[in-house]
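Here the structure comes first, spelled out in structure tokens, and everything after it is commentary.
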Amino acid sequence: MVYPAVDIDAWFETLEGAFEGKLPDDHSLIRTFGGQGWRMRTMGVGLVVLADRDFPYSKPQAFVEAYDRKRPQPHIEPIAKIGELGRVCLTTPTTPNDPLFSVQAAVRDARLLLRANEKGEEDEDFRNDFGSYWSHYLPEGAKAARLWGLSRQVSGIGAFAHASDGTYYCFPDKVSLRRYSSHLWNAVVRDPHQFPIVELRKFPRPERFPTDTETLLAFLKRYTVDGLHAVGQLLRARPRRLPIVFSGTAPNGRVFKIAVALVIRQDAKRRPLVKAHIHAKLDDEEVVRLYDAFPLDTRHLDAALTRLSNRDLTTMHCKVVFVGCGALGSGIAMMLAKAGVTRFVLVDPEILGWENIRRHELGAEFVGEPKAVALKRRIERAIPDVEDVQAVTGSFQQAIEANPGLLEDANLVIAATGDWGCDAYLDRAVSVREVPLPTIYTWTEGFALATHAVLISGKGGHFVEGFDVSGSFKGKASDAQRDTPPECGNTTSPFGAVEAAQSQALAAKLALELLGGRHDGEDVWRTRTCEQSTLEDANGTWTEYWLESRGEPSEFGQISEAAWEF
């Protein structure tokens, strides 16, 4: 439904000679975004203000008509698919309660930007946001380059594979390329090829971006550090195609990578134009001219790393051993993988059943598979740049007997079995080591009324100190009077995916803190108690011990911490 913009229409009418009328219904902007638009003349250009179909719950957009890509302006994006229009990048707020103000603000902000551009005040943005301008000025139908692991590499040689859809996958070396493709596509890249990474000494304006062979040669000579020679060296081997990744740092410190592909020219019989022995003897400029150049839509496969905190980035290359890959263990493992941990050992003897899928990280597609093996596949597929995930389909005791070095070079062990025998064995196994190995034990009480995560540093106490000889926990927080469903066999407790996620987060947070350098030599006992509504649903109460030692938990759930002392 189009917003009845009577007041907006009236305001544009007051602009007298500047207002040139409303957009017709068949205008490309209306066909694309819906809604309605107004055309006006200002600052020497035709300016269109668009209120799309979601207005006033979306902010107005502004476009420059007859936008000349050969004379680019900062903060204006060419929109080739909807005519010769350039979108003005506005920071105008959305004001649903005052639609007229939204439109007036959009016109004001667009005029201010056009005036600043006219004075050259925003030209630095061409360099500070170089990657965005590269994307906006790509020719229609540009092929793609997908980069991984190159953010810190300024120059040198990498390994690439060319996919059937025309995408170039560029990695720092063959090992990382093969690992990524194996994890994500279950495919082996047998013969990766080399490509150059070329340093940019400065960034050009968009009208000087390389679009063909001649402009690429000018680009290499004018803007790169020995780029022509680096490209020429690889081209003399006569590859059929070669991506070039350019790397540079903007004045504001941002690092950008963009890519161009070179494809060898061929005759009618699809043969290169020059014999191999002649090709190999050409100078740098001559050999480049045997190729056609195409700018590539360049994206980073590891862009998600920019969303991690500095603390999470310190966990990269850490090795975590999981004992138990059930509802808790599987979720914690996925959280740590997403937080940057790259090496895992997953130990679990069980098969995933239909009864597991409501709160387990694995779903119905993995039923009937060993939990450890299926979780390995899940992690590798979801985060394909993990370095190493090992799956062991047996008990922890069996795993240690089969491979006594299983815990070597591990940074942390997480035990999420809730099994007293397994936990006691693990506690003994890590306590006799010469080098302390931090271990987190995590489990839920009945109906997930409380979840515990206990970090034993290996430099002081023992996990078994918190239990009697039969494995009853001395620090129990809750009692539930509600009967356990018969199908659970009295060996597990019913709770949902929300409670599982809360429990997983408790242990995952403690793990990340440890891997990030906190709690060195400390034993930490952290507990999450549930909301009052969950307690009531289970006919539960807090134990006398808990009330005396920690006090009455919050009705909204809370996390508390204490020393592991009994």
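What the table below lists for this structure:
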quantity: Single residue of the stretch 332-361 satisfying the filter (among the charged types (D, E, K, R) and in a loop (DSSP other than H, G, I, E, B)) that is least open to solvent (accessible area, probe 1.4 Å); calculated: Asp348
quantity: Residue selected from the stretch 31-52 under the condition touching a strand residue (DSSP E or B) at 6+ places or on another chain (Cβ under 9 Å) and either without any contact (Cβ under 8 Å) to a residue 12 or more places away in the chain or part of a loop (DSSP other than H, G, I, E, B) (or both), by the criterion nearest to Leu112 (Cα to Cα); calculated: Asp52
quantity: Meets criteria (touching a Leu at 6+ places or on another chain (Cβ under 7 Å) and assigned by the TED database to the domain that holds Gln397) for Ala337; calculated: no
quantity: Verdict on Arg238 being part of a loop (DSSP other than H, G, I, E, B) and among the basic types (Lys, Arg); calculated: yes
quantity: Filtered residues of the stretch 507-566 (kept if of a type in the set (Asp, Glu) and either in a loop (DSSP other than H, G, I, E, B) or open to solvent by 60 Å² or more (accessible area, probe 1.4 Å) (or both)); calculated: Asp520, Glu522, Asp523, Glu536, Asp537, Glu544, Glu548, Glu552, Glu555, Glu561, Glu565
quantity: Some residue of the stretch 429-437 being in a helix (DSSP H, G or I), modelled with pLDDT under 95, of a type outside the set (Ser, Thr, Tyr) and open to solvent by less than 50 Å² (accessible area, probe 1.4 Å); calculated: yes
quantity: Residue in the stretch 248-264 that is farther than 30 Å from Asp129 by Cβ, free of Cβ contacts under 8 Å to residues at least 60 places away in the same chain and part of a strand (DSSP E or B) present; calculated: yes
quantity: Single unsatisfied condition, Leu235 versus (1) farther than 22 Å from Asp284 by Cα; (2) crowded, with 17+ Cβ neighbours inside 10 Å; calculated: (1)
quantity: Any hit, the stretch 11-26, residues being part of a helix (DSSP H, G or I), within 18 Å of Arg115 (Cα to Cα) and open to solvent by 10 Å² or more (accessible area, probe 1.4 Å); calculated: yes
quantity: Residue match in the stretch 351-359 (condition: within 30 Å of Asp523 (Cα to Cα) and modelled with pLDDT of 95 or more); calculated: no
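Residue by residue, here is whether (1) in contact with a Phe, Trp or Tyr (Cβ under 7 Å, 6 or more places away or on another chain); (2) aromatic (Phe, Trp, Tyr); (3) modelled with pLDDT of 95 or more holds:
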{"position": "Val88", "(1), (2), (3)": "yes, no, yes"}
{"position": "Phe101", "(1), (2), (3)": "no, yes, yes"}
{"position": "Arg108", "(1), (2), (3)": "no, no, yes"}
{"position": "Arg111", "(1), (2), (3)": "no, no, yes"}
{"position": "Asp123", "(1), (2), (3)": "no, no, yes"}
{"position": "Asn128", "(1), (2), (3)": "no, no, yes"}
{"position": "Gly131", "(1), (2), (3)": "yes, no, yes"}
{"position": "Gly141", "(1), (2), (3)": "no, no, no"}
{"position": "Ala145", "(1), (2), (3)": "yes, no, yes"}
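The values are calculated or read from the model by the stated rules, or taken from the named source; none is laboratory data. Model, not experiment: these values are computed from the prediction. With ideal geometry, Cβ positions are generated from the backbone for all residues, glycine too; neighbour counts draw on all protein chains shown. What goes into the accessible areas is simple: the full protein's heavy atoms, side chains included, and nothing from ligands, DNA or RNA. Shrake-Rupley method; radii C 1.70, N 1.55, O 1.52, S 1.80 Å.
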